[in-house]
Every structure is written in C-alpha cells, then in structure tokens.
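Before any comments, here is the structure.
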Amino acid sequence: KTIIPIADELQHSRSYMNIQRARYKDSFKTEFQIDDEIKDYCIVKLVIQPILENAVVHGFHDASKGYAVQISAHVQGEVLHIQVKDNGTGMTKENLEKLQNYIQGEADPEKSIGIVNVNQRIRLFYGEEYGIQIRSRKQMGTEVEIILPVKMQSENMKKLGEEVEEDVSGVDRR
C-alpha cells in the first residue's frame with residue numbers, strides 16, 4: 001500500500017528510532033506528541049523515517065551532548081502539519097539554502113538525498129501546495145515540517161470489513 005494510517009507510519013518510525021538508540025547506546029531521546037485523533041488520518045508511507053534518519057546521521061555527531069528528537073503533529077483547517085525537531089548540529093545558512101534548492105527541484109542533488117525523494121512523492125501524490133519545509137540554525141538544531149492534506153481514508157484503501165465493488169468498466173478482459 002502506498003497510503004497507510006499515520007498510526008502505522010508512527011509505529012515504523014518508533015521501531016526505527018529504537019534500533020538507532022540501541023545502535024548508539026541511548027545517546028539521544030525520542031518523543032512522540034501525536035493526538036489520538038490524528039493517528040487515524042492517512043499518509044504516504046515512509047515520509048517520517050527518512051527525516052528521522054537525517055537527524056540521527058547528520059545532526060547527532062557528539063554523543064555526549066544529550067540529543068533529542070521530537071515528532072509532533074497538529075491539524076490546521078484541512079491541513080496536517082507534522083514536525084520533526086532535533087537539537088542537533090543544525091546547518092549553516094548556505095547549506096540550508098542548498099538543501100532547499102534540491103528539495104524544490106531547482107538544483108540536482110550531488111548525491112541521493114532521501115528528503116528530496118520524500119518531498120517529490122508528497123507533491124506527486126497530493127499536489128504542489130504540499131511537501132516539506134526546513135528551518136535550521138548551526139548548533140541550534142533542525143526542524144522539518146511535513147505539510148499534507150487531511151485524509152481519513154485513501155481512495156485505494158477500504159475500511160475493515162467493508163466490501164468494495166470494483167469498477168471493471170473499460171477493462172480489457174481478453
């Protein structure tokens with residue numbers, strides 16, 4: 001499935017962070033602040049984990065600092081905002097601008113960048129008005145905001161126990 005409940009995406013993210021905390025000997029904390037009502041909304045799968053991976057790989061260099069990642073979400077009107085904040089090394093203004101150019105497609109990434117892929121998948125699925133925004137300051141951490149429309153159920157998902165009649169008109173069954 002391409003679209004999954006946020007609860008499933010969060011569980012995958014928790015599992016990923018548990019593995020990373022074990023790998024890095026509990027050198028950072030993870031906090032999830034997600035209202036229960038939001039967990040039923042749907043999301044393109046694998047959008048949070050690559051952002052968490054960036055925080056761990058690029059933001060947490062000195063294990064003695066006491067790093068933390070906070071994942072939160074809120075709804076504003078018909079828009080879902082998911083924030084991933086870390087207190088890691090952050091980025092210089094120049095590096096942030098470079099990354100934002102990659103994300104907006106204004107420059108080709110020098111190497112494979114997961115966050116660019118996430119932004120492209122969000123925009124392809126939901127439209128150009130959705131995607132990722134990044135704020136960062138050197139030695140102050142980074143905040144990545146994922147902006148999505150509020151969706152309770154995808155067109156290609158069905159509720160548990162619900163029968164869906166397939167529309168086979170126009171299907172070539174030779």
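The values are calculated or read from the model by the stated rules, or taken from the named source; none is laboratory data. The structure presented is a predicted model; accordingly, all values stated were derived computationally and were not measured. Positions of Cβ are backbone-derived with ideal geometry, glycine not excepted, and every protein chain shown enters the neighbour counts. Side chains are part of the model used for accessible areas, which takes the heavy atoms of the whole protein and leaves out ligands, DNA and RNA. Shrake-Rupley method; radii C 1.70, N 1.55, O 1.52, S 1.80 Å.
Annotations
- Applying the criteria of a DSSP loop state and at most 10 other Cβ atoms within 10 Å to the trypsin sites (Lys or Arg not before Pro) of the range 88-134 yields 111.
- Lysine pair count for the range 1-126 (Cα-Cα distance under 13 Å; residues 8 or more apart in sequence or on different chains): 4.
- Surface accessible to a 1.4 Å probe, per residue, for the residues of the range 1-127, Å²: 55
- Spacing of the two label points (7 Å from each Cα toward its C-beta) at residue 94 and residue 106, in nm: 1.7
- Within the accessible surface of the range 16-81, defined with a 1.4 Å probe on protein heavy atoms only, the carbon and sulfur portion equals 46 percent.
- Within the range 106-150, backbone nitrogen closer than 13 Å to the virtual label 7 Å beyond the Cα of residue 1 toward Cβ: none
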